[in-house]
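Below is one structure, written out as structure tokens, with a few remarks after it.
No lab work stands behind these numbers, since they all come straight from the coordinates. Treat the numbers as computed from the prediction; the structure is a model and nothing was measured. With ideal geometry, Cβ positions are generated from the backbone for all residues, glycine too; neighbour counts draw on all protein chains shown.
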Amino acid sequence: MPDNHIAKDFDRDLARLDEKISRMGALAEEELESSLRALRQRDPDIAEQAILRDREIDRLEQEVEDGAVSLIALRQPMANDLRMVIGVLKISSDLERIGDLSKNISRRVITLAENKPPKLLRKGLKRMGKQVIRQLRDVLDAYVARDAQKAREVWQSDEEIDEAYNSIFRELLTYMMEDPRTIGMCTHLLFGARNLERIGDHVTNIAENIYYMVTGERMDEIRPKGDETVNIMPQAADGPDEAQAAKNGKAQED
């Protein structure tokens, strides 16, 4: 009986963490959709609302971390149970980063409000945004269902996001070379596309963790990637250096 009681307590605590992860996922999806809608409509008000939503994601991530640490300390899970808790911790971290990257896109919108990107670029960003949202939605469904096969399918689809980013990258370079006056605008759009590509990477991280949580095995294959264009952008594009890079683009424009 004591063992059954402990198992029930663990299941209850894990279910609470699951609920917070589901809430984080829903908020991350809403924030991303709002950021992309703000980008399409060049609407700073929508962008500001998306930025505010990120605070709730950050709060939930802290609650998941605190809950997971408490669960480990009190229940001392072993083997499969411990794998579940560690997986939840990692997934909450990736969802928090997705929120941050969506927030970065919204900040670009505020700067770009007075600029109208060329139609071809708007269509490319819209198409890429839909791909990333679909990928995020699918991985969240895989988490709820504990579906390892669906998680693998999401993981394998990352190459599509990379290819979309590469296409936008080349188009933006063409615009900047043809008309230096567009460098400032194109720099912001480039970082916006880069943030979408990075969200795709975090989604595939979640897929890897779901697969491990369910099967206890790691994905041995090399993650599918597009060509190496994505590596041209600095890896800190979603961090402090992003603002400096945008300033450099503005300086060239002036």
Rank by packing, highest mean first: peptides 132-141, 192-201, 58-67, 78-87, with packing defined as the count of other Cβ atoms within 10 Å averaged across residues.
192-201, 132-141, 58-67, 78-87
What aspartates and glutamates sit close enough to residue 119 to cross-link, taking a C-alpha to C-alpha distance under 15 Å and skipping anything fewer than 8 places away on the same chain?
171
Kindly flag which residue pairs out of 90/123; 103/126; 8/103; 126/150; 130/150; 90/150 have an alpha-carbon separation exceeding 28 Å in this structure.
90/123; 8/103
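Provide, as a two-decimal number, the C-alpha radius of gyration of segment 68-171 over 2.2 N^0.38 Å, N being how many residues it has.
Against the compact-globule rule of thumb, the ratio is 1.42.
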Between segment 66-84 and segment 127-161, what is the C-alpha centre distance in whole Å?
27 Å
When you count, for each residue, the other Cβ atoms within 10 Å and take the mean per peptide, how do 147-156, 98-107 rank with the highest first?
98-107, 147-156
Subtracting the Cα-Cα distance from 0.36 nm times the residue separation, let me have the gained length for residue 43 to residue 11 in nm, one decimal.
7.1 nm
